[in-house]
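First up is the structure itself, then whatever we jot down about it.
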Amino acid sequence: DQQVKQNSPSLSVQEGRISILNCDYTNSMFDYFLWYKKYPAEGPTFLISISSIKDKNEDGRFTVFLNKSAKHLSLHIVPSQPGDSAVYFCAARNTGTASKLTFGTGTRLQVTL
Amino acid sequence: DAGVIQSPRHEVTEMGQEVTLRCKPISGHDYLFWYRQTMMRGLELLIYFNNNVPIDDSGMPEDRFSAKMPNASFSTLKIQPSEPRDSAVYFCASSRGQFEAFFGQGTRLTVV
């Protein structure tokens, strides 16, 4: 049972445009959400996070939006750059399970010139 | 800091053989996680430790899988006997409390 879902396995965006990666979750106990980026042959690296008490968190070109009623979050990258090409994983956690993260299956983003 | 260190980076073994994956977490981190990445299921949590004690092993697929953390700086994930369906990339990650987890570079396991 996939509690965190990334329904788009891949996304292609032109350089300079906005990339929007989506994530849905089913467990209403999740209260903290993270995005990780993964390059080939490397481990995932933390990108940005958001607590359930917020609906937006911004860090430079990266913004995460959370819609708790829809159990949906999204990662916006603007402007997109070729170096952003990677697999992006959405992850969620609930306070009751400490640092245990549940990940989605990932979305491969390709930023084209 | 060198980050989370995993070894080996690649492992090819024959079905039925024992496989041991190793992990050195970041110094000072009190949580350690073992994940498996597959195309179908993404990153699955297998087991995690807090202060060297296993907390949740519900993700360990079968009794063929076992994990230990004898001290704060070392953990192993063992598969015995290995099967072709165990082929995947295995990641170790560590964190300090509720902060984000840092991942190692992974071990790509191929069981033939």
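Restricting attention to region B:20-55, the residues being farther than 13 Å from B:VAL89 by Cβ, in contact (Cβ under 8 Å) with a residue 40 or more places away in the chain and aliphatic (A, V, I, L, M) number 2.
Just one of (1) part of a strand (DSSP E or B); (2) free of Cβ contacts under 8 Å to residues at least 60 places away in the same chain fails for B:SER58. It is (1). Evaluation of A:ARG108 against the conditions (1) in a loop (DSSP other than H, G, I, E, B); (2) modelled with pLDDT of 95 or more; (3) not hydrophobic (A, V, I, L, M, F, W, C) shows that the sole unmet condition is (1). Residue count for region B:66-112, restricted to those that are over 20 Å from B:ARG9 (Cβ atoms) and either basic (Lys, Arg) or under 12 Å from the mean Cα position of the chain (by Cα) (or both): 5.
Give the number of residues within region A:1-38 that are surrounded by fewer than 20 Cβ atoms within 10 Å (Cβ to Cβ) and at the interface with chain B (Cβ under 10 Å from one of its Cβ atoms). Within region A:1-38, residues that are surrounded by fewer than 20 Cβ atoms within 10 Å (Cβ to Cβ) and at the interface with chain B (Cβ under 10 Å from one of its Cβ atoms) number 4. Just give me the residues in region B:39-85 being acidic (Asp, Glu) and either touching a helix residue (DSSP H, G or I) at 6+ places or on another chain (Cβ under 8 Å) or within 11 Å of chain A (Cβ to nearest Cβ) (or both), in sequence order. Hits for region B:39-85 are B:GLU44, B:ASP56.
The values are calculated or read from the model by the stated rules, or taken from the named source; none is laboratory data. This one's a predicted model, so the numbers in the text were calculated from it and none came from an experiment. Cβ sites come from the backbone with ideal geometry, for glycine too, and all protein chains shown count toward neighbours.
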